[in-house]
Each structure stands twice: as structure tokens, then as C-alpha cells.
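Below you'll find the structure, written out as C-alpha cells, and then a few comments.
Values quoted throughout were computed directly from the atomic coordinates according to the rules given, and no laboratory measurement underlies them. For clarity, every value in this text was computed on a predicted model and none was experimentally measured. Glycine gets a Cβ as well: all are built from the backbone with ideal geometry, and neighbour counts include every protein chain shown.
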Amino acid sequence: MYNGPGPVQHAKEDRMIIDTHVHFYDPSRPQGVPYPSPDDELLYRTVLPEHYKKLAVPEGVTGVVVVEASEWVEDNQWVLDLAADDPFIVGVVGNLDPRTGEFAKNLDRFSANELFRGIRARGLDPGDFASSAVLNAAERMADKDLELDVHIGYRDYGELIGFVGRVPELRVVLNHIGQGRPIDGNEAIPRWADAMQRIAEYPNVYCKVSAVIEMAAVRPAPVDVDYYTPALDVLWDAFGEDRLVYGSNWPPVEEAGTFAAAHGVAKAYFEAKGGEVAEKFFWRNSKAAYKWLERG
């Protein structure tokens, strides 16, 4: 298990690999957790850096950006405290609701910690992206050089496309390939492909190639990269080599397959495009999108 400074060069891969979509939580805390549900037999367990490293370090991963899955405001601090003791965590994407009157105060509080790199707009409805509250929040985030993770599906990109055009100084990262399911090994969904092309026209938008095997039409998800290639080709054609970033979505990815299987699909596709492209995908692009910290 890797316990040293992070991120580091991994001998096996000879490159950094930053996983930009990992969740940590601990249901054994006195207050419990709001996510996942106790009824979820797979995910309702303690998942901390030491559990992740056992799976990811052998695959060459050298650091993570933690994405907060809890809507409890104080859990942002819980993750930051976790990160303070572990340099493997190079950034934190918090969970704050930009529609609330407390947003500005909370953003000021957490962004005082340089590991806090942005927020995930997980609870927003598509129409919220046209609201003055969300637009004001976006401008405040841009002023602080933070980014916004977006967690809505491609069918609802109408307002989002207008939003990213109105705040061009804000870096926006689409989560989980815009929920482009189902992937079935054949031609990608035309409406999804069109949405990716349209939103990729805005240079401030990045796409996180995460949860890919979760989009598979069958379970367990196939492990052959050819099954996913039509969908990945859409992302490549839309965003190119400079705006696609790597993420695993661990531990939810285990609902579809193993961490190694998910990582293997990404590795096979992007390494086939050459070492420079793979280096951009696995860490350089995420550095531009998140401005995570090099800790050591």
C-alpha cells in the first residue's frame, strides 16, 4: 500500500494518474451518513483512502480528487480533515447548494482551505442554471478560481449550455460522460452525441470520463474496450485531447464491475492514442480543470 507523499511517479506506469472522482464516507460515525442508504448492501460500508489505495495504487493511481457525496454542509469539513492527513488527496470538490442564502458564507469558509477546488452541483434542477442565484454563485466561484462539477443528464443540457456561455470564466466539468447510457457496443445514442458536440463548443467545459462501465447495457459490464469505443469516440471527437479527464466513480463503479476493469477500459482507449495523449488524460487535463495541489 502506498503511504508516502502524493502525487508521485509510479514505477509501473512512469506517469502520474489522478483519479478525479472518488467518494469517501464512514457510516460508523455517530451521526452516520446521508449517502448511501443502509439498504444498499454493496455501498453501505466504510470507504476511506486506505481501502481505495489497495485497489487503485496497483493500477498506477498516484492521487485523487475527492467528490463529496453528502449534502450535509459539515461533511465538507470532514473530507478536508481527511485530506489534511493524507497527501494522496490532491483536491476536494465540495457539496454546497448555490441556491441557499448561506452559500456565499460557506464558500468563503471552505475555500479558505487551498485543497477545496470547487463544488458539485448535484442537487440542481436543469432550470436552476438560468436562475440569478446560481449565476451569482458561479461568478463568485470564478472569482475564487474554483470549478463547478455538473451532475445532470444530457437530456437536460438546454439550460446548462446557456449557463456555460454566460460564465465563460468558470471552469465546468461534466460528470460521468453526461449520463450517456445505455452503452451497448453499437453506435452511440445520437441525442447524447449531439449534446456532447454542442456543449464542447465552449472552451471552459471539460468532460469527466468516469462511470463508463456503469453505462453498459448489461451486467456484469463488459471489460473489452471495443464495447465502449463508439461512445468514447464521440467524446474524443467533441472534446479532443485537452479537455477529457480521468475519473473512476469509486466505489459506485463496483455496481457494474471492478475498479481494475473500469480503469482498464480507460487505459486501453487512451494509451492507444499515444503516450502524450494518455499523460494529458490521466493527469495534465485534470490539473487544468481543477488546479489540484501537488503535495509532497
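Numbers at a glance
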item	result
Rounded to 5, the percent of DSSP beta bridges in the chain classed as antiparallel	5
Debye, to nearest 20: dipole size of the chain, +1 on Lys, Arg Cβ, -1 on Asp, Glu Cβ	340
Kirkwood hydrodynamic radius of the range 1-147, Cα pairs, Å	16.4
Relative contact order (%) - the range 18-290, alpha-carbon pairs under 8 angstrom, separation at least six	18
Within the chain, helix-based [θ] at 222 nm, where runs of 4 or more DSSP H residues each add -39,500 (n - 2.57), nearest 500	-10000 deg cm²/dmol
Estimated vicinal HN-Hα couplings, Hz - the range 123-136 in sequence order (Karplus 6.51, -1.76, 1.60; Gly, Pro = x)	x, 7, 7, x, x, 5, 5, 9, 7, 5, 4, 6, 5, 5
For residue 173, distant residues with modelled amide H under 5 Å away	148, 149, 150, 206
Positive-end extreme of charge dipole, the chain - chosen from 178, 131, 253 (charges on Cβ)	131
Among (1) 1.17; (2) 1.04; (3) 0.93, the entry derived from the coordinates for Cα Rg over 2.2 N^0.38 Å	(3)
Karplus-derived HN-Hα couplings along the range 248-258 (A = 6.51, B = -1.76, C = 1.60, θ = phi - 60°), whole Hz, x at Gly and Pro	9, 6, 8, x, x, 4, 5, 5, 10, x, 7
Those lysines that a straight Cα-Cα span of less than 19 Å connects to residue 280, excepting residues fewer than 8 apart in one chain	12, 208, 267, 291
Residue-by-residue Karplus 3J(HN,Hα) for the range 184-199, coefficients 6.51, -1.76, 1.60, Hz, glycine and proline x	10, x, 10, 3, 5, 4, x, 5, 5, 4, 5, 5, 5, 4, 5, 6
Cβ-based exposure ranking for 21, 151, 176, in which fewest neighbours within 10 Å come first	151, 176, 21
Percentage relative contact order, the range 59-214, counting C-alpha pairs under 8 Å, at least six apart	17
